[in-house]
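Report on the structure given below.
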Amino acid sequence: MKNEKGVTLAALVIYVMIFSITIALLASLSSYIYGNLDKISSEQLSSEEFNKFNTYFVGDVKSSSQASVQSDQSTGNVTINFGSSTKYTYIKNEKAIYKNKEKIARNIVDFKATYATGNGSNKNTIDVTIKTGKNADKPVFEKNIKYVCKYW
């Protein structure tokens, strides 16, 4: 019987344990990697949404010397009107910003705007606070920018 070759029960148990530990480590590692990929994707999407809004908005701010801002406290909607018949509307229920009737940004959880006329100078400004992500309390991306309207 000494010439018989094979796997003993003890060796088989050890092989199964090593295989199980390896599978468990790979599963937890892949779960961690996929979780981080989702977070990175969400952050990238949020900054892209702000960049789209900013690109459109800067062009209109620089070409207009006057603007008006209306905020509806009951719904949370904000409307910015420029003299050139361009209108930006933030609709809180949709978490979106529209330029006229075209949706230009989504996943916007909070948007505030105020308009100030120049005191002593002829520079009118629009102060915009924008938050993107899934939750306004913990936004993925938050930015506060003061835009100066055309003054020359």
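Which members of the stretch 36-72 meet the condition of being modelled with pLDDT under 90 and part of a loop (DSSP other than H, G, I, E, B)? Result: Ser64, Ser65, Gln66. Of the residues making up the stretch 100-121, just one is over 20 Å from Lys87 (Cβ atoms), polar (S, T, N, Q) and either in contact (Cβ under 8 Å) with a residue 40 or more places away in the chain or surrounded by 12 or more Cβ atoms within 10 Å (Cβ to Cβ) (or both), namely Asn107. Screening Asn122 on (1) touching a Lys or Arg at 6+ places or on another chain (Cβ under 6 Å); (2) more than 14 Å from Glu49 (Cα to Cα); (3) assigned to a loop (DSSP other than H, G, I, E, B) shows it passes everything except condition (1).
Pairing each residue of the stretch 57-76 that is touching a residue at least 60 places away in the same chain (Cβ under 8 Å) with any residue that is aliphatic (A, V, I, L, M) and surrounded by 13 or more Cβ atoms within 10 Å (Cβ to Cβ), provided the two are 6+ apart or on different chains, yields C-beta distances under 7 Å for Val61/Ile126; Ala67/Ile80; Ala67/Ile126. Of all residues in the stretch 127-150, those satisfying the criterion of being among the charged types (D, E, K, R) and in contact (Cβ under 8 Å) with a residue 60 or more places away in the chain are Lys134, Lys143, Lys150.
The values are calculated or read from the model by the stated rules, or taken from the named source; none is laboratory data. Every value quoted in this text rests on a predicted model; they were computed, and no experiment measured them. All Cβ positions, glycine included, derive from the backbone under ideal geometry; neighbour counts span all protein chains shown.
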